[in-house]
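Everything below concerns the one structure shown next.
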């Protein structure tokens, strides 16, 4: 199985587990004399089985991500770099919006508000980082489809 397939299965398991939690909550109590719409014991058993599957799959994904790939490093390192770059871009975009916002003056007597940075220069830097992020995402996706699961 390829890593990408394992990631899709993990996402499906996580959704199924969340749904089981909701179904359990809906069947936690019933009026005296009534029956729950679903058997809570069966739901608990299914939840336990799904959790074991998820735990095993996540372990295999993590082991795979930590495996050294010649010329690349580890997928874990690429994911960490992507996450850091994503956070940086988010903060810079917000800062750039604030820095680029015009402040209208109604008369020449009002205090003039100026940007504290060169907006055009910062935008170029942000664009370069965004290109790097796209490239990094493509590399991670490529590795996900080429790498066999541990």
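Just so you know, all these numbers are worked out from the coordinates, no wet-lab data involved. On a predicted model such as this, the values are computed, not experimentally measured, just so you know. Counting neighbours? That spans all protein chains shown, and the Cβs are built from the backbone with ideal geometry, glycine included.
Overview of values
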{"read-out": "Highest to lowest packing among 137-143, 61-67, scored as the average C-beta count within 10 Å", "value": "61-67, 137-143"}
{"read-out": "Label-point separation, residue 38 to residue 24 (7 Å along Cα→Cβ), nm", "value": "1.1 nm"}
{"read-out": "Angle between the chain longest axis and helix 119-146 axis [Cα atoms, degrees, rounded to 10]", "value": "30 degrees"}
{"read-out": "Compactness relative to 2.2 N^0.38 Å, alpha carbon Rg of segment 1-66", "value": "1.43"}
{"read-out": "Segment residue 66-residue 137, length gained on full extension (0.36 nm per residue, minus Cα span)", "value": "23.8 nm"}
{"read-out": "Rg [Å, one decimal], Dmax [Å, integer] - the chain, C-alpha atoms", "value": "25.0, 79"}
{"read-out": "Where labels lie 7 Å past Cα in the beta-carbon direction, separation of residue 100 and residue 82 in nm", "value": "2.6 nm"}
{"read-out": "In Å, descending, principal axis extents of the Cα set of segment 84-150", "value": "69, 17, 14"}
{"read-out": "Spatial separation of Cα centroids for segment 43-97 and segment 1-28, in angstrom", "value": "17 Å"}
{"read-out": "Computed [θ] at 222 nm, helices only, for the chain once each DSSP H run of length n ≥ 4 contributes -39500 (n - 2.57)", "value": "-25000 deg cm²/dmol"}
